[in-house]
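Below is one structure; the comments refer to it alone.
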Amino acid sequence: MPPGFAPLTSRPDASPADAGLALGLGRNWRQFSLLVVVNAFVGGMVGLERAVLPLLAEREFGLASKAAILSFIVSFGVVKAVTNVAAGRWSERAGRKPLLVAGWIAGLPVPFLLMWAPAWSWVIAANVLLGINQGLCWSTTVVMKIDLVGPRRRGLAMGLNEFAGYTAVALAAWGCALVAGAHGFRTALFTFGVVFSVVGLFLSVVFVRETSAFAWSEARTQATGPSEARSFTRVFMDTSVADRNLSACSQAGLVNNLNDGVAWGLFPLMYASAGLAVADVGLLAAIYPAVWGLTQVATGALSDRWGRKWPIAIGMWIQSIGIWSIAGAGSVAHPYATWVTGNVLLGLGTALVYPTLLAAIADRAHPSWRASAVGVYRLWRDLGYAVGAILSGMIADWFGLRAAIAVVGVLTFASGAICAARMTDGESR
């Protein structure tokens, strides 16, 4: 079996040098770069819905309730969250690549369901499959990059990973909106979805290699002890509540994706209510993930030098300012410039937070149970989509869009305060 293909449960006895496995971004740049490209297609799959699907709900399915419109985000978030946990655990038993391929297979029917949907329930079903696709594919590409790069440059590695994914989200959101404005919502969703899923599956099957042996190579270089052997229950409890760093990251991830779900579901409705064309809605919807994607290579690398705590806390506070700006823009005569500014701030804040949270989890977790810890963190993080959709949908139906968005800003600020109070940099496992 070639180097890098041993299942994680095998724990090969050879040293990293003997096995031909060398950790590091430079030494594994070919496979790392391929995984960056694959993650761009993963991001494109979710990006195609960012501007178009809320408008499709209103204009083709006649949904008036914001809670009903956001139901597709609830199904997506819950399924993705649960799949993240399974992906983390399964990848330690079966390896990374099989889950990556399975995720792409789950994503293949999505564009067909969106194209032919006779009822909103089909759209919800499509987002169940999209949640599986994102949970398996994004989780495994994250873990595979962590496997390859080793401990020294995790922030940079996660910055590159999220740069690819969320720059693709932005480009797909804008491109899909442009095509939708000219050729219809369903044509745009179908065309982009087929291209992304087919190409992503092809690259994953033909070119991606298993990376689990790299994790065991790293594990052998670390001190042995009880940190190497943890039950999943222990990992779950530590990542959720017991460990102050891991649990602070988990709550911050949940709130981050809570506000991301609101940006996905409610922001386009606010822009459209001001009379913007579909293409203009798509451009605004793309600014936030574009800034997020383009700047987090730098922010991820900086967290390797600055530590993880303060980029996360400050990033959450910057997000809250951006969210409040977007909520308040609805009360001015010409809100477009304020919306742009708010989206830029939201993107910058998220760029500080997103790759740093993943790096902080990887710092704290031992390689032998790191994939499970990442999975649990991503469970809580992506449950934020469902929590945000339910909460903001109800508030929007009762008090209006601006009130729902403003409340999310308050929650985001509070989350940053929790990180500032609980997290510690440089603490050993």
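Per-structure values
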item: Linear extension gain, TYR336 paired with ILE314, 0.36 nm per residue minus alpha-carbon span; result: 5.4 nm
item: Rounded to whole Hz, the Karplus (6.51, -1.76, 1.60) HN-Hα couplings of the range 94-101, x for glycine and proline; result: 9, x, 8, 4, x, 6, 4, 5
item: On Cα atoms only, tilt of 185-206 relative to the major axis of the chain in degrees; result: 10
item: Gyration tensor verdict on the range 347-404 (Cα atoms; rounded if a/c is under 1.5, prolate if a/b is larger than b/c, oblate otherwise); result: oblate
item: Candidates ARG59, ARG364, ARG308, ranked by Gaussian network fluctuation over the chain, Cα under 10 Å, top entry; result: ARG59
item: Spatial separation of Cα centroids for the range 236-273 and the range 60-119, in angstrom; result: 17
item: Added length on full extension, which subtracts the Cα-Cα distance from 0.36 nm per residue, VAL206 to ARG93; result: 38.5 nm
item: For peptides 35-45, 107-117, sequence by mean Cβ density within 10 Å, most packed first; result: 35-45, 107-117
item: In range of the label at VAL194: residues from the range 112-134 whose backbone nitrogen is under 13 Å from the point 7 Å along Cα→Cβ; result: 112-116
item: Distance in nm between pseudo-label sites at ALA403 and TRP29 (7 Å out along the Cβ direction from Cα); result: 5.5
item: Size of charge dipole - the range 13-166 - debye, nearest 20, with Cβ of Lys, Arg +1 and Asp, Glu -1, no other charges; result: 320
item: Other-chain or far-sequence residues with amide H under 5 Å of LEU25's (modelled H); result: none
item: Cα→Cβ-extended label distance, 7 Å offset, between ALA86 and SER240, nm; result: 1.8
item: Residue-count net charge about THR356 - beta-carbon cut-off 14 Å; Lys, Arg +1, Asp, Glu -1; result: +3
item: Structure-based [θ]222 nm, the chain - -39500 (n - 2.57) summed over DSSP H runs of at least 4, per residue, nearest 500; result: -26500 deg cm²/dmol
item: Proximal charge balance of ALA125 [Cβ under 15 Å; K/R count +1, D/E count -1]; result: 0
item: Within a Gaussian network of the chain (alpha carbon springs, distance under 10 Å), most fluctuating of TYR166, TYR271, TYR288; result: TYR271
item: Of PHE61, VAL143, TRP264, farthest towards positive along the dipole that unit charges on Lys, Arg, Asp, Glu beta carbons give the chain; result: VAL143
item: Charge context of VAL208, other residues only, Cβ under 13 angstrom, K/R +1, D/E -1; result: +3
item: Sequence ranges 143-150, 239-246, ranked by mean other-Cβ count within 10 angstrom, highest first; result: 143-150, 239-246
item: The range 70-110: C-alpha gyration tensor shape, a/c 1.5 cut-off, then a/b vs b/c; result: oblate
item: Nearest-ten-degree value, helix 309-329 long axis tilted from longest Cα axis of the chain; result: 10
item: Helix 336-364 vs. the chain, principal-axis angle (Cα, 0 to 90°, nearest 10); result: 20
item: Highest-fluctuation residue, ARG50, ARG153, ARG27 considered, GNM on the chain with Cα pairs under 10 Å; result: ARG27
item: Positive dipole terminus of the range 207-318, leading residue within GLN296, CYS249, TRP306 (C-beta point charges); result: TRP306
item: Dipole of the range 58-192 [Lys/Arg +1, Asp/Glu -1 at C-beta], most positive-end residue of GLN134, TRP174, GLY159; result: GLY159
item: Whole-Å distance, taken between Cα centres, linking the range 354-429 and the range 183-218; result: 26
item: Efficiency of FRET from Cβ geometry, SER231 and ARG59, R₀ 35 Å, rounded to 0.05; result: 0.10
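Every number here is computed from the coordinates shown, using simple stated rules; none is lab data. Fair warning: this is a prediction, and the values are worked out from it, not measured in the lab. We place every Cβ from the backbone using ideal geometry, glycine too, and count neighbours over all the protein chains shown.
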